[in-house]
Amino acid sequence: MAKKLPLLIFLGAALAVAPARAAIVTLTFTGTYTNLTFQGVSTFAGWPTSGLTSIPFSYSLTYDTSLNATNASVESAGSVVGPHSYPADHDLYGYPRSGLLGVNKTLGNLSWSVADLSPITPFGGAVGDLWFDADISLATPTRAWVMFENPGGYRSTIGQGMIGGANNLSFSYDTYIQRSGGMSYEDVLTTSPLTITSSIPEPSALSLLAVGLGMLFGRSRRIV
């Protein structure tokens, strides 16, 4: 039994680092606004627009996936969705706003909060307020579509939905801010690409940990 104990410890540790659903996930979104179209605006977010050519950003949100038993909407890549029968270019995961715990989203003197989240309907019959191309409890998404609008009339999206030339539905990397212009909105900033990181360990990190545990197990056997 004593000789089997290290093996049992190793197996238990390997199982412990296997991918598992994370209840609370923090996603970070980074990029640089580069296509600045201020349309006559002399100041933006507290900065003079004259000579302003790029603005880096870093936003984050924290979501508790345990607050909803299942995703509001899940569609696989290739699925035909909505009344217009658009095929999905990638997986579509919709999440309700009930799980959104916090938002760190500021740019200059502009800010957006959890209360500013705006629901999104990427296709007819969709149910969800935040959208990603992966199950965020298991993996880091590469695309997103999340929208906020603050009381000052500034609408900010993280990613966006789009219909391609072949009438296919996908989420793009573009991230933009618009300011209210009466009944319409005027683009202020747009950007591409968008980088997303997650608090969930990457599979490669888990694999390295498992390899390390295996080496320790093999060494312990030689010593015994």
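In sequence order, the range 54-64 has phi-based couplings of 7, 9, x, 9, 8, 10, 8, 9, 10, 10, 9 Hz under the Karplus curve 6.51 cos²θ - 1.76 cosθ + 1.60, θ = phi - 60°, and Gly or Pro positions carry x. Between residue 114 and residue 54, the contour length at 0.36 nm per residue exceeds the alpha carbon distance by 19.0 nm.
Entry note, the range 21-205: relative contact order of 24 percent, from Cα contacts under 8 Å with a spacing of 6+ residues. The residue list 99, 173, 43 was ranked by how far each Cα lies along the charge dipole of the range 21-205 toward its positive end, using unit charges on Cβ atoms, and 43 comes out on top. Here the ratio of the Cα radius of gyration of the range 21-205 to 2.2 N^0.38 Å is 1.04.
None of the figures in this text is laboratory data; all of them are computed from the coordinates on show. Because the structure is a prediction, the values reported are computed rather than measured. Please note: Cβ atoms are built from the backbone with ideal geometry, for glycine as well, and neighbour counts cover all protein chains shown.
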